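Student: Below is a structure I'd like to ask you about.
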Amino acid sequence: MLLRERFWSADSPLHRLDARVKLIATLLVMLGILSTPEGAWPAYPLLWALLASLAIVGELGVGRMARWGAVSLPFALAAVPLVFTVPGDPVVTVAGLTVTDAGLSRFITILLKSWLAAQAALLLTMTTPFTELLAALGALGLPPSLRLIIGLMYRYLTILMDEAQCLLRARAARSGTAEQGKTGGRLVWRAQVAGGMVGNLFLRSYERSERVYAAMLARGYGRRETAMPRQPLPRRDVLLGSIPVVVVVSIQFLARVWLSR
Amino acid sequence: MDHAAIEIANLSFRYPDGHLALDDISLHIAPGEKVALVGPNGSGKSTLLLHLNGVLRAQSGTVVVEGEPLTDATIGRIRAWIGMTFQNPDDQLFSPRVRQDVAFGPLHMGLQEAEVDARVTQALAAVGLSDFADRISFHLSVGEKKRVALATVLSMAPRILVLDEPTSGLDPRARRSLIELLKTFTDKTIVVSTHDIRLAYELCSRAVVLDSGRVVADGPAERLLTDADLMERHGLETPW
Amino acid sequence: MFGPFLALHIPDGFLDIPVSLVGWLLAVMFIGIALREMRPAEREVPLIGTLAAFIFAAQMINFPVAGGTSGHLIGGTLAAILLGPWAAAIVMTCVVAIQALIFQDGGLIVMGFNLVNMAIITPFVGYAVYHWGRKLLTHSTRGWLVAAAVGAWASVVAAAAACALQLAVSGTSALKVVLPAMLGVHAVIGLGEALITVGALAFIQQTRPDLVDPEAPVPARGSSWIAAGLAVALVVTLLSPLASASPDGLERVAEDQGFLETARDAPYEIIPDYLIPAIDNEAVATIAAGVIGVAVVATVGYGTAALRKRRDSRAAQ
């Protein structure tokens, strides 16, 4: 699956906000969105308004964020059966199966929550370069070894992806068909070739890792504990970051009040 | 044969990130011609080559190979007519043994086993590696790998060879023997994209200079490649 | 069309919050153990980092099957056979994490169970089947490849089953629909995984036999952890409906027993209806919320633009 990197470069207040604050705020906002009680329909436009406002502040493009947020929605196909299986009042009958109002409500709720939560996550990933995000995770408790490993992976990701793409192109270049005959070769053979490409990538990565290790040693890896300077969370950023959280909590509270009427 | 080997008309291509790699390129290559494609890094040489066998598809303009326009229907046959090698041989050898890599092309074309074996033997002989059939590709030297990569496309019996930086990374001896080898392919159309101006001068009769996605010069190699001014202006050097 | 059933990356919103938290607990537990079991020696770190990038790139390699579809690799079993299951778990964790964080493939809140499915289940199930399969097939020189193939296939099917279970428990899907669908589709996808895994192992074994030795004894380190962990995971997953907010099972019971009505009334009588009569109508309320929402966004947009203009003109002076 060829998805693109989601970082969107700009110089906005969101981009400048401390990554740790953004991370925590994002998770809290997402939890807030996901805990919207069933049937509280007015909450969704308000939640969207919050996210869209933040998108504007972050110079990310409301439409773009909405589009990217919808990328995973095809997964909703897995939830379609709900429309028929949740017990409730019948709405319409399709091909012998009855669509219930409760089922429809559940299905749409899942779609909305997923779309909104995805946009909240995008607010984080579009405004935070990965290295900053990784540092924030490290500061918030990610084990140092894991942090180092993910950092290395990120560093070599583009190189390895380029190599994979070159392998695919080289194979494509040799994937000709004869003037008249059949083409393609047997399935198992094609899979073997793909396996060979994977094996090729593996060996190059393995041998590369040995060079990486040597380079790391040369730079003092392992000799000293690399202690991260612990900077306190900037108070202004914490205050700004708590605004969306407060808004989401308020919307949730209002939703429950409204439902109970 | 009254049609061109390769006919490119008004080809343009823009990468997803917005970068315009090819800007209205037109090129006519006659059968049997030996053409050198030269230009600085980022000029669009590799992008242009990737259009010749449909790895990249033209966003505007046309590509016609051996009289056939490049479409979904013709792409399979065109890939058999064009043998393309890439700069890094490690990207092209994905079977454990040399024999299997050289056999990939003919096998994909659906040829019979006996025919495939014959082609493998011929291709390896053509690059001077007849004894290498059962060697492990991964362990070969760079020069040997480049030859095997060439063999993997020769086995498809292409009419056109397109080579992206064939001599890069080779030591002087390996480079010399590869140049001599390429000179033996007198009947094939050859397009070489390279920084090695000396190779271009020795092998090719025609040079096309590419810069910033446009053709800035197209003429006899002898004249263009020794034009110090022209070479300098486009980040290149003369052969000596 | 089959999109969602082909991917095991669950997006946010498709698992309940309580279920998601259970997933995170399991993931953190297993990964913590993996980090210790692996005892990341200095040498291991660059290897695992580069191989994580390798697995990510290897997932781009496909082979055409029929009619436009193609076979792919997840890589959990391959990693487990090459590195051992614990290191493979770390590798796959990195892959899943980066897929979610950078490429928006898989959610953040639900990442717990995505990690369980792709970073715990695939390497361990694959490795277990490979381990026992190899023992059974010692008489054949190709036996280990067959064991690897079956292991790779089984790992994909097991992960798909787990995914279906998690979706069902969250009330996102009916088990009787999603489980057969997931199993069916992934039984086929698993074949692609098996074939590519075997192809890769054959390549590696011929080129660098020191890295894959079919004869080498399998390290039993940590296998008791695996068994205990999987048992715990199974129990917890089966119990999570109790935590799940899914209204089908639990609320039905609560309603029947009369608990539900009382629970609803209590804290929210603060603002009586008559103060805001229009809000009583659901449609009106939703539309009103929508109008308010758009007004807010427009104000923010206008305000931000105005602020920016003022800042720019001040900078220009």
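We did not get these values from a lab; they are worked out from the coordinates using the rules stated. Computed from a prediction, not measured in an experiment: that's the story for all the values here. As a convention, Cβ positions derive from the backbone with ideal geometry for all residues, glycine included, and neighbour counts pool all protein chains shown.
Student: Which distance in nm do the two modelled labels at B:Asn10 and A:Glu5 give, with both placed 7 Å along the Cα-to-Cβ direction?
Tutor: 3.6
Student: Here is a further query. Can you work out D for the range C:123-176 in µm² s⁻¹ from Stokes-Einstein, where Rh is the Kirkwood radius over C-alpha pairs, the temperature is 25 °C and the viscosity is 0.890 mPa s? Before the final figure, lay out each step's value.
Tutor: Values: Rh = 12.2 Å.
In µm²/s, the coefficient is 202.
Student: Right, another one. Given R₀ = 56 Å, FRET efficiency for C:Arg142-A:Arg147 by Cβ-Cβ distance, to 0.05? Spell out each step's value before the answer.
Tutor: Working: r = 41 Å, r/R0 = 0.73.
It comes out at approximately 0.85.
Student: Then there is this: Per residue, what volume in Å³ does the Cα convex hull of the range B:8-54 take up? Don't skip to the answer; put the middle values down first.
Tutor: Numbers: hull volume 3.8 nm³, N = 47.
Per residue, the Cα convex hull of the range B:8-54 comes to 81 Å³.
Student: Give me the distance in nm between label points sitting 7 Å out from Cα along the Cα-to-Cβ direction at A:Val246 and C:Leu21, one decimal.
Tutor: 2.5
Student: Sticking with this structure for a sec: Across all directions of projection, what mean area in square nanometres is found for the Cα convex hull of chain A?
Tutor: On the way: hull surface 88.9 nm².
That works out to 22.2 nm².
Student: Between rounded, prolate and oblate, where does the range A:21-85 land on the alpha carbon gyration tensor, with a ≥ b ≥ c its root eigenvalues, rounded for a/c under 1.5, else prolate if a/b exceeds b/c? Please report the intermediate quantities before stating the final value.
Tutor: Numbers: a/c = 1.96, a/b = 1.53, b/c = 1.28.
It is prolate, given that a/c is not under 1.5 and a/b is the larger ratio.
Student: Can you tell me the Rg and the Dmax, both Å, for the Cα atoms in the range C:18-177?
Tutor: Values for the range C:18-177 (Cα only, Rg and Dmax): 16.2, 49 Å.
Student: Rounded to the nearest 10 degrees, what's the angle between the helix B:142-154 long axis and the longest principal axis of chain B, both from Cα atoms, 0 to 90?
Tutor: 90
Student: Further, regarding this structure: Anyone know which of A:Leu203, A:Leu82, A:Leu104 comes out most mobile in the 10 Å Cα GNM of chain A?
Tutor: So, out of A:Leu203, A:Leu82, A:Leu104, the one fluctuating most is A:Leu203.
Student: Next question, about the same structure. Quick one: helix B:98-108 against the long Cα principal axis of chain B, what's the angle to the nearest 10°, folded into 0 to 90?
Tutor: With both axes taken from Cα atoms, the answer is about 70 degrees.
Student: When only alpha-carbon atoms are used, what values of Rg and Dmax, in angstrom, describe the range A:62-106?
Tutor: 13.8, 41
Student: A further question follows. Restricting attention to the range C:7-57, which GluC sites (Glu not before Pro) occupy a DSSP loop and are surrounded by at most 15 other Cβ atoms within 10 Å? Spell out each step's value before the answer.
Tutor: Values: sites: C:Glu37, C:Glu42, C:Glu44; in loops: C:Glu42.
Hits after loop and neighbour filter: C:Glu42.
Student: Something else about it: Report, for the protein assembly as shown, the % of DSSP beta bridges that are antiparallel, rounded to 5.
Tutor: Numbers: 27 of 44 bridges.
So the antiparallel bridges in the protein assembly as shown amount to around 60 percent.
Student: Same structure, new question: Filter chain A for me: DSSP H helices, axial length by Cα at least 20 angstrom, mean Kyte-Doolittle hydropathy not below -1.0. List them by residue number. List each step's numbers first, then the result.
Tutor: Values: long enough: A:19-34 (22 Å, 2.02); A:43-57 (21 Å, 2.02); A:101-127 (39 Å, 1.07); A:144-173 (43 Å, 0.63); A:187-218 (47 Å, 0.29); A:235-259 (36 Å, 1.33).
Result, helices passing both filters: A:19-34, A:43-57, A:101-127, A:144-173, A:187-218, A:235-259.
Student: Starting from the 7 Å offset along Cα-to-Cβ, what nm value, one decimal, do you get for the label separation of A:Glu38 and A:Val188?
Tutor: 5.0
Student: If you don't mind, there's one more thing I want to ask. Work out how far the C-alpha atoms of chain B reach from end to end along every principal axis, then list the three figures in whole Å, largest first.
Tutor: 49, 43, 39
Student: Sticking with this structure for a sec: Rounded to the nearest 0.05, what FRET efficiency do A:Phe253 and C:Ala298 give with R0 = 25 Å and r taken as the Cβ-Cβ distance? Could you check? List each step's numbers first, then the result.
Tutor: Working: r = 25 Å, r/R0 = 0.98.
E between A:Phe253 and C:Ala298, to the nearest 0.05, is 0.55.
Student: If you place +1 on the Cβ of every Lys and Arg, -1 on the Cβ of every Asp and Glu, and leave all else neutral, what size is the dipole of the protein assembly as shown about its Cα centre, to the nearest 20 Debye?
Tutor: Details: 68 positive and 68 negative charges, 300 e Å.
Here the size comes out at about 1440 debye.
Student: Hey, what D do you get for the range B:40-103 in µm²/s if you plug the Kirkwood alpha-carbon radius into Stokes-Einstein at 20 °C and 1.002 mPa s?
Tutor: Details: Rh = 13.5 Å.
Answer, rounded: 158 µm²/s.
Student: Please arrange B:Ser130, B:Ser193 by counting, for each residue, the other beta carbons lying within 10 Å of its beta carbon, fewest first. Write out the running numbers ahead of the final one.
Tutor: On the way: B:Ser130 12, B:Ser193 23.
Ranking B:Ser130, B:Ser193 by Cβ neighbours within 10 Å, fewest first, gives B:Ser130, B:Ser193.
Student: Shifting gears a bit: Under the rule a/c < 1.5 gives rounded, and otherwise a/b versus b/c splits prolate from oblate, where does the range A:67-194 land using the Cα gyration tensor? Numbers along the way, then the final one.
Tutor: Values: a/c = 3.20, a/b = 1.19, b/c = 2.68.
In terms of gyration-tensor shape, oblate.
Student: Mean shadow of the range B:1-134, computed from the convex hull of its alpha carbons, in nm²? Write down the numbers at each step before the final one.
Tutor: Numbers: hull surface 40.2 nm².
For the range B:1-134, averaging the hull's shadow over all directions gives 10.1 nm².
Student: I would also like to ask the following. Semi-axes, largest first, in whole Å: what does sqrt of 5 times each Cα gyration tensor eigenvalue give for the range B:96-198?
Tutor: Details: eigenvalues 103, 54, 24 Å².
Whole-Å semi-axes of the equivalent ellipsoid: 23, 16, 11.
Student: If you don't mind, another one. Tilt of helix B:172-183 relative to the longest C-alpha principal axis of chain B, in degrees (0 to 90, nearest 10)?
Tutor: Helix B:172-183 sits roughly 90 degrees off the main axis of chain B.
Student: Report, please, the projected area of the protein assembly as shown averaged over directions, based on the convex hull of its C-alpha atoms, in nm².
Tutor: Values: hull surface 169.9 nm².
Convex hull of Cα atoms, orientation-averaged projection: 42.5 nm².
Student: In the range B:103-240, what % of DSSP beta bridges are antiparallel (nearest 5)? Provide the component values of the computation, followed by the final result.
Tutor: Working: 6 of 11 bridges.
So the antiparallel bridges in the range B:103-240 amount to around 55 percent.
Student: Still on this structure, I have one more. Using only the Cα atoms of the range A:1-120, what are the Rg and Dmax in Å?
Tutor: 17.2, 56
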